[in-house]
Amino acid sequence: MDKLRIRGGRPLEGEVRISGAKNAALPIMCAALLSAEPLSVTNVPRLMDTSTLTKLLGQLGVEVKRSDGRMVLQAKTISRPVAPYELVKTMRASVYVLGPLLARFGEARVSLPGGCAWGPRPVDLHIRGMQQLGAEVEIEHGYIVARCDKLKGATLSFEISSVGATGNILMAAAMAQGKTIIENAACEPEIEALAEFLASMGVGIEGVGTSRLAVTGTDRLHPADASMIPDRIEAGTFLAAAAMTGGDVEVTSVTPGHLDAVIGKLEEAGADVLVHERSVRVRAPERLNPLRVTTAPYPGFPTDMQAQFMALLSIASGTSTITDTIYQDRFTHVAELQRLGADIRVEGNTATIHGVPSLSGAPVMATDLRASAALILAGLVAKSETRVSRIYHLDRGYERIEEKLQGLGAAIRRVRGA
Ligand code: EPU
């Protein structure tokens, strides 16, 4: 298993180009299942998760070709509408195949993803949504088994704002008979990107970017083309790294509006933030101010930036709190940050962080994707060496992160198979 070795203490400086968004690429790739026509997408990040999904789509019978940054997907037909446990357990987003398989082929068997590193993550809203569109759904031997003749439009109201359930129902509704209304739909930019992509395939969608989506299904979908939106979480991670290390970094190829909540908190922490049309530059203050952070659905502060801000606030000048309202126990990074000298206490879904003057390098273990990023950020400021193991979590969602950090002056290297 690969490890990262980081020697802390260097301020990050320079420019870094942000990759396409993982969480937009995954549902958009699944949308290929809806049509026999080719779909072409550019700026798809090269990540473990996009290659796991390529493998799953390939097993289903989708032709996936990748060259020069362009991915072309074509689902002329499907061999077996099954997403097996072996793949779903490594990537929960595989559940995105449920909606399009059901809508086009009237049948899907998708493994239940089970728990994840930080606790249960149910898919009940996806299942109930499919039932409301007329599917019969049962759980058999750990699989969601869904069947239908033809999905029928309905009015759904999610009790919780869910990115995945909104995306899955959007794809199912794209081919359902009549109109589907989704109330309390997720407004995340990744869902907006999916809705725009479906619209470019010929699906009638009103309310894109809002919490009320109206979808008019169609059987006449046409070829479509899209470029992936920039990864706002990757961008936020680099901005946090710049602010923590006393650096000066410009993230380029981004949509600054998607970063408003993160930029707001960086400014509150004392960083100097300059927003341009397609880039954001952060200059760190002498010492960061403490913050009160509460995660919330978009446009609130993203749960996917919570761990990175925990690392940042561990060296701020006073006491901060972070409350995660999306996931009650997404705190597996806390124990590892404590190994680096952070002073953090967790009670319920709130972490209280007493800023310390410095962290000290140590071997630590990554427990999930964003926890891995938090440990790297902490390692970049810790005295002497930090070794981060189990970075396969990191490779799921950050494209060439150590190369990008090296480009900004960080002393970080990957040790293969260590
Ligand atoms: N929820 C339910 N039932 C459901 C679905 C969700 O109770 O059927 C709950 C969840 O347990 C959670 C809340 O609803 O408390 C929101 O979860 P959501 O469905 O929005 O999450 P997701 O679609 O499974 C996506 C991202 C996550 C990100 C969350 C929240 C993808 C592939 N994943 O997950 O990204 O944390 O939205 O923004 O888009 C990551 O990239 O590191 C990551 C975990």
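The values are calculated or read from the model by the stated rules, or taken from the named source; none is laboratory data. This is a predicted model, so every value here is computed, not measured. Because the Cβ atoms are built from the backbone with ideal geometry, glycine has one as well, and the counts that use them run over all protein chains shown. Only protein heavy atoms, including side chains, enter the accessible area calculation; ligands, DNA and RNA are left aside. Shrake-Rupley method; radii C 1.70, N 1.55, O 1.52, S 1.80 Å.
A count restricted to the stretch 173-188 and to residues that are within 14 Å of the ligand (Cβ to nearest atom) and either of a type in the set (A, V, I, L, M, F, W, C) or surrounded by fewer than 22 Cβ atoms within 10 Å (Cβ to Cβ) (or both) stands at 5. Scanning the stretch 98-125 for residues that are touching a strand residue (DSSP E or B) at 6+ places or on another chain (Cβ under 8 Å) and either assigned to a loop (DSSP other than H, G, I, E, B) or open to solvent by less than 40 Å² (accessible area, probe 1.4 Å) (or both) yields a total of 9. Say whether the condition of being assigned to a helix (DSSP H, G or I) and more than 14 Å from the ligand (Cβ to nearest atom) is met by at least one residue in the stretch 338-348. The answer is yes, given that some residue of the stretch 338-348 is assigned to a helix (DSSP H, G or I) and more than 14 Å from the ligand (Cβ to nearest atom).
Give the stretch 30-64 a look and list any residue that's over 23 Å from the mean Cα position of the chain (by Cα) and open to solvent by 80 Å² or more (accessible area, probe 1.4 Å), or say none. Across the stretch 30-64, the qualifying residues are Gln59, Glu63. Taking the stated definitions as given, is Tyr398 at pLDDT 95 or above and of a type in the set (Phe, Trp, Tyr)? Taking the combined requirement at face value, the residue satisfies it.
With a requirement of 2 or more residues that are open to solvent by less than 20 Å² (accessible area, probe 1.4 Å) and within 25 Å of Ala75 (Cβ to Cβ), the helices (runs of 4 or more DSSP H) lying completely within the stretch 189-302 that satisfy it span 189-200. Taking the numbered list (1) within 13 Å of the ligand (Cβ to nearest atom); (2) touching an Asp or Glu at 6+ places or on another chain (Cβ under 6 Å) in turn, Gly209 passes all entries but (1). Total residues in the stretch 17-41 satisfying the condition of being hydroxyl-bearing (Ser, Thr, Tyr) and either in a helix (DSSP H, G or I) or under 17 Å from Gly397 (Cα atoms) (or both): the figure is 1. Criterion first (without any contact (Cβ under 8 Å) to a residue 60 or more places away in the chain, of a type in the set (Asp, Glu) and more than 16 Å from the ligand (Cβ to nearest atom)) does Asp225 satisfy it? For Asp225, the condition - without any contact (Cβ under 8 Å) to a residue 60 or more places away in the chain, of a type in the set (Asp, Glu) and more than 16 Å from the ligand (Cβ to nearest atom) - is not met.
Evaluated against (1) at pLDDT 95 or above; (2) touching a strand residue (DSSP E or B) at 6+ places or on another chain (Cβ under 8 Å); (3) among the hydrophobic types (A, V, I, L, M, F, W, C); (4) farther than 14 Å from Gln306 by Cβ, Ile326 falls short on exactly one condition, (4).
Condition check: over 28 Å from Asp248 (Cβ atoms), in contact with a helix residue (DSSP H, G or I) (Cβ under 8 Å, 6 or more places away or on another chain), modelled with pLDDT of 95 or more and surrounded by fewer than 19 Cβ atoms within 10 Å (Cβ to Cβ). Does Val346 satisfy that? Yes, satisfied. Screening the stretch 126-149 for residues that are open to solvent by less than 20 Å² (accessible area, probe 1.4 Å) and among the small types (Gly, Ala, Ser) and picking the one that is nearest to the ligand (Cβ to nearest atom) gives Gly129. Of Gly8, Gly69, all but one fail to be away from the ligand (no atom under 16 Å from the Cβ), surrounded by fewer than 16 Cβ atoms within 10 Å (Cβ to Cβ) and not aliphatic (A, V, I, L, M); the exception is Gly69.
For Thr352, indicate whether it is in a loop (DSSP other than H, G, I, E, B), without any contact (Cβ under 8 Å) to a residue 40 or more places away in the chain and of a type in the set (Ser, Thr, Tyr). Taking the combined requirement at face value, the residue does not satisfy it.
Residue by residue, here is whether (1) surrounded by fewer than 24 Cβ atoms within 10 Å (Cβ to Cβ); (2) within 14 Å of Lys3 (Cα to Cα) holds:
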site	(1), (2)
Ser360	yes, no
Val364	no, yes
Leu375	no, yes
Ala378	no, no
Arg387	yes, yes
Tyr392	yes, yes
Arg396	yes, no
Gly409	yes, no
Arg416	yes, yes
